[in-house]
Amino acid sequence: MDFNLQALFWYILAADCAFANSVAWFAQDWYRQSCPAICKHFPATKPWCGVYLLLILWLGHALHQQGILPW
């Protein structure tokens, strides 16, 4: 099974999703203090990060069913 571009993009998004969810659940105060300009436009809230997680899991499942993800 070859490692392809779709798998690379999914792994990048999965890492971003993991970081976003960890910030939303465990470090919201740090995020607000460290990045106030970004926090205004991209708030790390639990519901949005939960939706992001569900979308990434759904996409990963679809890519796995097609044999694209090598895991």
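Please treat every number below as a calculation from the coordinates, not as lab data. For clarity, every value in this text was computed on a predicted model and none was experimentally measured.
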Correct option for Cα extents along the principal axes in Å [calculated from the coordinates] among (1) 77, 21, 16; (2) 44, 19, 19; (3) 58, 21, 21: (2)
Using alpha-carbon coordinates, inclination of helix 5-26 to the longest axis of the chain, degrees: 30
Rel. contact order, % - alpha carbon contacts under 8 angstrom, at least six apart, the chain: 51
Helix-derived mean residue ellipticity, 222 nm - over the chain, DSSP H n ≥ 4, -39500 (n - 2.57), to 500: -25000 deg cm²/dmol
